[in-house]
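Undergrad: Here it is: the structure, laid out below.
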Amino acid sequence: MSATDTPRRSMRTPLGRVRNLGAAHSGTSDFWRQRITGVAMTLLMIPVIVVVMMLLGSNQAGAKLILGSLPIAVIMLLFIIASAWHMKIGMQVIIEDYVHNEKLKLVSIMLNNFFSIAVALASTYAILKLASGV
Amino acid sequence: MALSIVHRATGIALYVGTLLLAWWLIAAASNSAGAYANVQAFTGSIIGRLIVFGYTWALMHHMLSGIRHFVWDLGFGFKANEREALTWAALIGGIVLTILIWIIAYAIGGVR
């Protein structure tokens, strides 16, 4: 893209070349969502620890009962969604920092999305199944 | 102190660790009788306990280290001594919280 846009001799001014390529006012959305999900998980940490503690030593029947109750299911769902989102953004930052091969970077980012969404959906499905009592 | 790399490392560990969380939840929701027992057998084993202990520490450290970043985002704590203090607080706090959680867990019946 840049190679054809900027031939060695161009009639376009430097300003003309970059105009409209700058801030699309969405560049900070990942940064902001990383903070939202981080704060959310910090707030949810104590409830989640309490839930895990409640489950210690209980068998599957007990676990089903606890995880399936409405407030606990909601706490777990919020935590799962926040953590999947948070880890997707965080891993993408790491990939963008360390993977410099363009193709490998795109594949890594794609796999990161797949993994995060798969973990989120599998866990969400499990919670919904427990909450619906089937 | 260069703890930002630890923040990333614990982040990666937690990323992989979500597999354990997903496995546990799916097993709990599963209709097959052995699935949940398998998870409990794993988390009850020495290796499993070490992994969950490590996961607990990674989570606590990452959270406190993250709160440190929130403090910086809000524009505080940039002086050299403040940066040091925040970093040490995250480091020591993470270890203390992890041990505290495990003491409580054992006390209320994690030993099976």
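The values are calculated or read from the model by the stated rules, or taken from the named source; none is laboratory data. Source: prediction; values computed, not measured. Here Cβ is always computed from backbone atoms with ideal geometry, including for glycine, and neighbour counts include all displayed protein chains. Side chains included, ligands, DNA and RNA excluded: accessible areas come from the protein's heavy atoms. Shrake-Rupley method; radii C 1.70, N 1.55, O 1.52, S 1.80 Å.
Undergrad: Filter the stretch A:50-71 down to residues that are open to solvent by less than 70 Å² (accessible area, probe 1.4 Å) and not hydrophobic (A, V, I, L, M, F, W, C) and give me whichever is modelled with the lowest pLDDT.
TA: A:GLY57
Undergrad: Any idea how many residues of the stretch A:55-74 are within 20 Å of B:THR43 (Cβ to Cβ), assigned to a helix (DSSP H, G or I) and either away from chain B (no Cβ under 12 Å) or not small (Gly, Ala, Ser) (or both)?
TA: Of the residues in that region, 7 qualify.
Undergrad: Of the residues that make up the stretch A:37-49, is at least one open to solvent by 30 Å² or more (accessible area, probe 1.4 Å), in contact with a His (Cβ under 9 Å, 6 or more places away or on another chain) and touching a residue at least 40 places away in the same chain (Cβ under 8 Å)?
TA: Pass one, the stretch A:37-49, residues open to solvent by 30 Å² or more (accessible area, probe 1.4 Å): A:39-40, A:42-43, A:46-47, A:49.
Checking the rest, the ones that are also in contact with a His (Cβ under 9 Å, 6 or more places away or on another chain) come to A:40.
Narrowing further to those that are touching a residue at least 40 places away in the same chain (Cβ under 8 Å): A:40.
Yes, the conditions are met somewhere in the stretch A:37-49.
Undergrad: If you don't mind, there's one more thing I want to ask. Can you pull out the residues in the stretch B:4-59 that are crowded, with 17+ Cβ neighbours inside 10 Å, closer than 30 Å to B:PHE78 by Cα and more than 10 Å from chain A (Cβ to nearest Cβ)?
TA: Within the stretch B:4-59, B:VAL6, B:THR10, B:ALA13, B:TYR55, B:TRP57, B:ALA58 qualify.
Undergrad: Within the stretch B:60-112, track down each residue that is among the small types (Gly, Ala, Ser) and more than 9 Å from chain A (Cβ to nearest Cβ).
TA: Here is the first cut: in the stretch B:60-112, the residues among the small types (Gly, Ala, Ser) are B:65-66, B:75, B:77, B:80, B:85, B:89-90, B:93-94, B:105, B:107, B:109-110.
Once the filter is applied, which keeps residues that are among the small types (Gly, Ala, Ser) and more than 9 Å from chain A (Cβ to nearest Cβ), the stretch B:60-112 yields B:SER65, B:GLY75, B:GLY77, B:ALA80, B:ALA85, B:ALA89, B:ALA90, B:GLY93, B:GLY94, B:ALA107.
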